[in-house]
Ligand code: GLN
């Protein structure tokens with residue numbers, strides 16, 4: 001089998017048994033990137049020199065008979081809103097087009113300590129605002145299953161890189177679905193951990209009360225391996241939780257007997273593509289046959305989740321993005337005659353239309369005349385949504401829903417933003433409630449992958465992983481690779 005098709009756990013075995021070297025593996029990945037990335041466009045930056053130097057170090061360690069960590073020498077890709085010192089971190093924005101990170105994100109420090117390999121930085125929607133990668137200032141990423149379709153977003157580059165064999169594992173960030181939705185569009189695994197499980201330090205802020213970094217991988221085992229490395233308390237992030245990090249790979253047992261799986265009816269109503277619904281019904285049947293107990297659940301406030309998110313997230317974004325003023329770093333407009341004009345023009349020219357729309361929305365809902373009507377109300381609804389999940393988890397252990405109501409659709413930058421926002425309906429409530437959620441492949445609709453979302457109690461990634469793993473082992477969706485076909 002070609003090396004680029006491997007998983008983290010398979011390739012680790014090959015490295016430690018000296019069947020392959022990390023340098024050989026890294027070179028194979030760059031060959032693959034060279035062969036397909038002009039079609040897929042997953043990457044913005046490559047760091048071949050840095051990656052090969054790190055690979056050589058791991059090879060030396062193996063040759064010296066030293067033990068290596070599961071991610072050591074395994075090439076991964078990092079979303080371009082996560083800082084790696086010395087490499088560009090653009091957030092796919094013109095305003096940061098030349099910004100070079102001056103420090104490592106906490107997750108990067110952890111990954112470096114485990115001697116993993118960073119192939120490069122991946123394309124995304126500008127400042128993680130979007131669902132398709134089309135809002136990137138630089139390029140649109142194409143779905144490797146059908147190049148005329150979107151890879152999802154905002155972590156579309158990180159997801160397409162995995163599906164196309166251009167990385168073995170990757171990191172994304174998820175504010176309203178940006179790990180899980182692209183994972184589902186690409187037929188791979190993506191997990192958003194509980195809010196606070198993973199430090200946000202060094203991940204460029206979009207909406208701080210919602211953002212969370214997480215892995216995108218080919219299978220559930222790899223997701224657990226990456227989680228083991230990136231989770232944990234960080235003094236640089238005040239929302240980072242002081243809780244123990246279990247060995248998530250220990251949760252990977254094939255056992256759902258007696259597990260109570262809740263089906264929230266609001267996720268299966270109008271707007272759900274019947275072909276997606278059919279795949280989910282089959283998945284539920286598989287769980288039932290394996291001994292899980294299926295429980296009907298209602299989460300009535302689900303219908304308010306999207307609008308609540310599109311008030312809170314822009315509000316936080318408008319505050320977070322105020323730092324791009326043309327003074328400290330980032331793009332500066334030339335020939336301005338006053339400081340206010342310089343800042344205004346830098347922001348107008350440096351931000352794309354979607355980011356400007358969100359800043360305006362956020363500023364509006366926070367303005368004194370509208371704060372109570374919009375922002376305060378949204379925060380109250382957020383509390384209601386969270387409480388409904390608390391109640392639901394008294395009746396079940398995990399919730400099973402679609403990840404996206406539709407499979408990947410055609411690339412079309414003219415699509416109505418509101419129509420795209422509404423498609424976030426299945427993933428957004430999970431961020432509002434701060435819960436862990438995974439997307440695993442569960443079928444196909446017209447040749448495009450369909451993802452199933454499993455949502456867990458706060459800090460109960462283990463049950464989510466166990467349920468996902470059990471399903472994965474009973475099916476073969478995770479072994480199917482994207483053909484990289486169709487016309488762009
Ligand atoms: N699609 C959502 C948005 O546009 C979610 C993005 C994200 O999770 N970063 O805001």
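A short reminder: the numbers here are calculations on the coordinates, not readings from a lab. Because the structure is a prediction, the values reported are computed rather than measured. Positions of Cβ are backbone-derived with ideal geometry, glycine not excepted, and every protein chain shown enters the neighbour counts.
Would you please calculate the Kirkwood hydrodynamic radius of the chain over all C-alpha pairs and express it in Å, rounded to one decimal?
Numbers: mean 1/r = 0.0449 Å⁻¹.
Answer for the chain: a Kirkwood hydrodynamic radius of 22.3 Å.
Using a/c under 1.5 as the rounded threshold, could you call region 412-485 rounded, prolate or oblate? The axes a ≥ b ≥ c are square roots of the C-alpha gyration tensor eigenvalues, and prolate needs a/b larger than b/c, oblate otherwise.
Since a/c reaches 1.5 but b/c is at least a/b, the shape of region 412-485 is classed as oblate.
Using 7 Å Cα-to-Cβ label points, what is the residue 2/residue 418 separation (nm, one decimal)?
Simple spin-label model gives 4.4 nm for this pair.
Report, as a whole number in µm² per second, the diffusion coefficient that Stokes-Einstein gives for region 244-368 at 37 °C and 0.692 mPa s using the Kirkwood radius over alpha carbon pairs. Let's see the in-between values first.
Details: Rh = 19.4 Å.
This corresponds to a translational diffusion coefficient of 169 µm²/s.
Scale the Cα Rg of region 349-415 by the rule-of-thumb value 2.2 N^0.38 Å and send over the ratio, two decimals.
Numbers: Rg = 17.9 Å, N = 67, 2.2 N^0.38 = 10.9 Å.
So the Cα radius of gyration is 1.65 times the expected 2.2 N^0.38 Å.
Counting DSSP beta bridges with both partners in the chain, what percentage is antiparallel, nearest 5?
70 percent
Antiparallel as a % of all DSSP beta bridges within region 1-140, to the nearest 5? Please list the in-between numbers first.
Working: 4 of 9 bridges.
The antiparallel proportion sits near 45 percent.
With a ≥ b ≥ c the root eigenvalues of the C-alpha gyration tensor of region 357-488, is it rounded (a/c under 1.5), prolate (a/b larger than b/c) or oblate? Walk me through the intermediate numbers first.
On the way: a/c = 3.38, a/b = 1.27, b/c = 2.66.
Because a/c hits 1.5 or more and a/b fails to exceed b/c, region 357-488 counts as oblate.
How fast does region 1-154 diffuse by Stokes-Einstein, in µm²/s, taking the Kirkwood radius from C-alpha pairs at 10 °C and 1.306 mPa s?
Numbers: Rh = 16.2 Å.
For these conditions, the coefficient is 98 µm²/s.
Go through 373-385, 400-412 and give me the packing order, highest mean Cβ count within 10 Å leading. Please list the in-between numbers first.
Numbers: 373-385: 16.7, 400-412: 22.1.
Listed from highest to lowest mean packing, they are 400-412, 373-385.
Using mean Cβ contacts within 10 Å as the protection proxy, how do 66-75, 239-248, 261-270 order, highest first? Intermediate results must be reported in sequence, preceding the final value.
Details: 66-75: 21.7, 239-248: 15.2, 261-270: 17.1.
Output ranking for 66-75, 239-248, 261-270: 66-75, 261-270, 239-248.
What distance in nm lies between label points placed 7 Å from Cα along the C-beta direction at residue 85 and residue 238?
2.6 nm
Applying a 10 Å radius around every beta-carbon, put 186-197, 31-42 in order of their mean neighbour count, most first. Could you put the intermediate results ahead of the total?
On the way: 186-197: 28.3, 31-42: 19.2.
Listed from highest to lowest mean packing, they are 186-197, 31-42.
Give the span of region 1-77's Cα atoms along each principal axis, as three whole-Å numbers ordered largest to smallest.
Rounded to whole Å, the extents work out to 40, 25, 16 Å.
At what distance in angstrom do the alpha carbon centres of region 65-121 and region 8-53 lie from each other?
The distance from the Cα centre of region 65-121 to that of region 8-53 comes to 15 Å.
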